[in-house]
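Working notes, structure below.
The values are calculated or read from the model by the stated rules, or taken from the named source; none is laboratory data. None of the values given here were measured: they were computed from a predicted structure. Heads up, the Cβs are rebuilt from the backbone with ideal geometry, glycines too, and the neighbour counts pull from every protein chain shown. The area values use the complete protein model at the heavy-atom level, side chains included, leaving out ligands, DNA and RNA. Shrake-Rupley method; radii C 1.70, N 1.55, O 1.52, S 1.80 Å.
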Amino acid sequence: MIAERKPYAIYAITRHGIAIARRLIEGLPGADLYVSQKLFDGAPAGARPLPLPMGPLLTEAFTAYDCHVFVISVGAVVRMIAPLLKNKKVDPAVVCVDDTARFSICVLSGHVGRGNAFTEKVAGLLGAQPVVTTASDALGTLTVDILGRELGWTLDDPDRNVTRGCAAVVNAAPVLFVQETGEPSFWPEATPLPPGVRYATSLDGVDPAAWEILLVASDRDLGRSHPDVVERAVVYRPKSLVLGVGCDRGAPLDMVERGVDRLLEEHGLSARSVKALATIDKKADEEALLALSARRGWPLVTFTPEELDATEGIENPSETVKKHVGARGVAEPAALRAAGAARLLVPKRAYTEEGVGRSMTLAVARVPFAKRNVRDGEESHG
């Protein structure tokens, strides 16, 4: 896992570059400015001395920032960063600005590292021309490797078919986007889908061989249910599932985690699509739930007994539970409320383990996303 990075590093080695850097740091909160030691007397307050050659400092700083902005020529920067490159999953963004601030040029990590977005931001601050050369951005088509990222979507497997998918979209080959779940705004609804891309909401009747690539937004374990689809697909995981949880006080984390994983596996659901854990407010300090929330990155959402008891769609109400906590249930109504759903995807299930002396209940609800408005010629049913 990559350590948390600072947002920006800016490098200036000429007097013109320092003047440009002054304009940048005003619009890039949290930026660190490095100025050549020879010109440090003219550096803004808070700047850091930049010894030349820059190689040793860059070796230490390269992975410490999300974006490096060099007011230095592209050729010089390429030679300096070349030995530091690993792969697009971890390399930071690199942006170059010329000494007259005419151009803001994306040099590295345009998509995954957000280099294209940083380039546009720098250009906007300087009134410069952004230079972006990634094909999908230049053509205004789907960016397969980061599609839906601003919505919280993740790739199920960053190495599976992504390069093939990028090529298919750029070349306007036959591509089917299947959206089983997730926000409809993965592509502007007022804008037609790119040439070659068709749209469906179900995998029913889809022949994977009829398409160069399938792009599938799903919270299901498709490897088990549709292995032929996964073989030719890029699978996205929208945050569409809410886990409702009730547990005995002092339930051990390992048991809770195994119970969650078993429930998801039994129902063919992906943990990568979990949006949140939901429970009653009396469990806001439950150590196992807090630890699971932190370990998995799932926010813990709580509700009062009154809110839970007023929830519609509970399938297994219990007067016994109400006597103890003030609501007819915990797992089911918490899942429904947090998801904004009218019905459960998985009704309440109890889970315990021999010898533990504690138990838990689990339920799952799916976020009811709005349907995408599909234009003529975009829809395909396989």
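Overview of values
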item: Pair list, Cβ < 7 Å and 6+ apart or interchain, from region 141-159 residues that are over 16 Å from PRO194 (Cα atoms) to residues that are of a type in the set (Lys, Arg) and modelled with pLDDT under 90; result: PRO158/LYS89
item: Matching residues, region 55-108, being part of a strand (DSSP E or B) and open to solvent by 10 Å² or more (accessible area, probe 1.4 Å); result: ASP66, PHE103, ILE105, CYS106, VAL107, LEU108
item: Residue check for LEU139: at pLDDT below 95, open to solvent by 60 Å² or more (accessible area, probe 1.4 Å) and over 25 Å from LYS275 (Cβ atoms); result: yes
item: Members of region 241-267 found to be of a type outside the set (A, V, I, L, M, F, W, C) and either in contact with a helix residue (DSSP H, G or I) (Cβ under 6 Å, 6 or more places away or on another chain) or over 23 Å from GLU315 (Cα atoms) (or both), listed by number; result: GLY244, GLY246, ARG249, GLY250, PRO252, ASP254, GLU257, ARG258
item: Matching entry among VAL144, VAL245, VAL175 (being within 30 Å of ALA288 (Cβ to Cβ), open to solvent by less than 30 Å² (accessible area, probe 1.4 Å) and aliphatic (A, V, I, L, M)); result: VAL245
item: Test: residue in region 119-127 that is assigned to a helix (DSSP H, G or I), of a type in the set (S, T, N, Q) and open to solvent by less than 30 Å² (accessible area, probe 1.4 Å); result: yes
item: Unique match (being of a type in the set (A, V, I, L, M, F, W, C), over 30 Å from ALA168 (Cβ atoms) and touching a residue at least 40 places away in the same chain (Cβ under 8 Å)) among ALA291, ALA278, ALA284; result: ALA278
item: Residue within region 193-214 that is among the polar types (S, T, N, Q) and buried (at least 19 other Cβ atoms within 10 Å of the Cβ) present; result: no
item: Test for GLY259: is it crowded, with 16+ Cβ neighbours inside 10 Å, among the small types (Gly, Ala, Ser) and not in a strand (DSSP E or B); result: yes
